[in-house]
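Student: Before anything else, here's the structure in question.
The values are calculated or read from the model by the stated rules, or taken from the named source; none is laboratory data. Quick caveat: nothing in here was measured; it's all calculated off a predicted structure. Cβ placement follows ideal geometry from the backbone for every residue including glycine, while neighbour counts extend to all protein chains displayed.
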Amino acid sequence: MIRFPGYLGVGGALLLAAGTWWLAFEGAKEPEYEPQPDSPDFHLERFTATTMGRDGKPDKRLSAERMVHYPADDRTELTQPRMTVFDEDRPPWHIRSETGWVSGDREIVLLNGEVKIDRSAAEGIRPLHLTTRNLRVQPEQNYAETDEYVYAESDDNWVESIGMQAWLKKPMRIKLLAKVRGRYEVE
């Protein structure tokens, strides 16, 4: 029978203990997070962001029930977004939709699904309510457009068209693009 010196047994026991400790330590580590190519890096619930004008007053406000940001292309997806465009001496425009998307450079906001656009009445200004779908907004230019059906009403007047371009600040105007018809009552 072959006999090993005592230090080999002690060395083997130490090696076995070190290996057991290393396996226990490695098994206790949290797995490292590896994002998928198009996975979000953060989300917010019920958020509101307001941009201020040069005069220090609110210029635009964007809020949503949920916002999810994707770092791959820096886009942001929104659930039930609401946008407010403030005007100096006129009531603000309130725009809401089912879902939304903001480009990575923040130049384009797409409001998808049914879109409602409202402006309240004020002295010398009639209320205006528009309903459409899939509105493209360029926030810096205070410009919005759609190729979809548009229905607009103000007091007892209404108009409908296919397609619309809207400039929401002075000089405020709305251009209806095709198949326009409506009713306008002269006072």
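Student: Output the residues belonging to region 35-52 that are outside any strand (DSSP E or B) and in contact with a strand residue (DSSP E or B) (Cβ under 7 Å, 6 or more places away or on another chain).
Tutor: Across region 35-52, the qualifying residues are Asp38, Pro40, Asp41.
Student: Right, another one. Scan region 85-121 for residues that are hydroxyl-bearing (Ser, Thr, Tyr) and modelled with pLDDT of 95 or more and report the count. Working first, answer last.
Tutor: To start, the set of residues in region 85-121 that are hydroxyl-bearing (Ser, Thr, Tyr) comprises 97, 99, 103, 120.
In the following step, the residues that additionally are modelled with pLDDT of 95 or more were identified as 97, 99.
Total satisfying the criteria: 2.
Student: Name the single residue, out of those in region 139-151 being in contact with an Asp or Glu (Cβ under 8 Å, 6 or more places away or on another chain) and at pLDDT 95 or above, that is surrounded by the most Cβ atoms within 10 Å (Cβ to Cβ).
Tutor: Filtering region 139-151 for residues that are in contact with an Asp or Glu (Cβ under 8 Å, 6 or more places away or on another chain) and at pLDDT 95 or above, the one surrounded by the most Cβ atoms within 10 Å (Cβ to Cβ) comes out as Val150.
Student: Just to verify a result, which residue in region 53-72, among those that are out of contact with any His (no Cβ under 8 Å at 6 or more places or on another chain), within 13 Å of Val102 (Cα to Cα) and in a strand (DSSP E or B), is modelled with the lowest pLDDT? Give the steps one after another, and end with the answer.
Tutor: Within region 53-72, the first condition is being out of contact with any His (no Cβ under 8 Å at 6 or more places or on another chain), and the residues that meet it are 53-65, 70-72.
Add one more test, that the residue is within 13 Å of Val102 (Cα to Cα), and what stays is 62-64, 70-71.
From the residues that got through so far, the ones that are in a strand (DSSP E or B) too are 62-64, 70.
On the way: Leu62: 94, Ser63: 95, Ala64: 96, Tyr70: 90.
So the residue we want is Tyr70.
Student: May I ask you to say which residue of Arg90, Arg75, Arg96, Arg82 is over 20 Å from Leu130 (Cβ atoms) and basic (Lys, Arg)?
Tutor: Values: Arg90 fails: over 20 Å from Leu130 (Cβ atoms); Arg96 fails: over 20 Å from Leu130 (Cβ atoms); Arg82 fails: over 20 Å from Leu130 (Cβ atoms).
When all the criteria are applied, what remains is Arg75.
Student: Let me ask something additional. For residues in region 83-136 being in contact with a Pro (Cβ under 6 Å, 6 or more places away or on another chain) and loosely packed, with under 14 Cβ neighbours inside 10 Å, which is nearest to Tyr151 (Cα to Cα)?
Tutor: In this case the residue turns out to be Ala121.
Student: Enumerate the strands (runs of 3 or more DSSP E) found wholly within region 73-187, keeping only those where 3 or more residues are not aliphatic (A, V, I, L, M).
Tutor: Values: elements: 75-79, 82-85, 93-102, 109-119, 128-138, 143-154, 157-167, 173-183.
By residue number, 75-79, 93-102, 109-119, 128-138, 143-154, 157-167, 173-183.
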